[in-house]
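Report on one structure; see the data block that follows.
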Amino acid sequence: MNEVSLLQSLGQVSASETGGVFRDFIRGHVRVMISVVMAAEVTQLCGPNQRI
């Protein structure tokens, strides 16, 4: 979900559901960020992938 679809989703839900939609958006982005950081750390520690 990107920022545009987040805004569209928030516009289509009731006020009581807004928190859940926003939490799902943040949770997904945090997961992506953690994966990117972990991959960068592995590359830094172990070097680039040496696939043939």
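The values are calculated or read from the model by the stated rules, or taken from the named source; none is laboratory data. Just so we're clear, the structure is a prediction, and the values are computed from it rather than from any experiment. A quick note on method: Cβ atoms are made from the backbone with ideal geometry, for glycine too, and the neighbour counts reach across all protein chains shown.
Assorted remarks:
- For the chain, the candidate set comprises residues that are modelled with pLDDT of 75 or more, part of a loop (DSSP other than H, G, I, E, B) and not basic (Lys, Arg); within that set, the residue that is farthest from the chain's Cα centre (by Cα) is 50.
- Beta carbons closer than 6 Å, at least 6 apart along the sequence or on distinct chains, pair a first residue in the range 21-38 that is under 17 Å from residue 8 (Cβ atoms) with a second that is part of a helix (DSSP H, G or I) and not hydrophobic (A, V, I, L, M, F, W, C) for 21/9.
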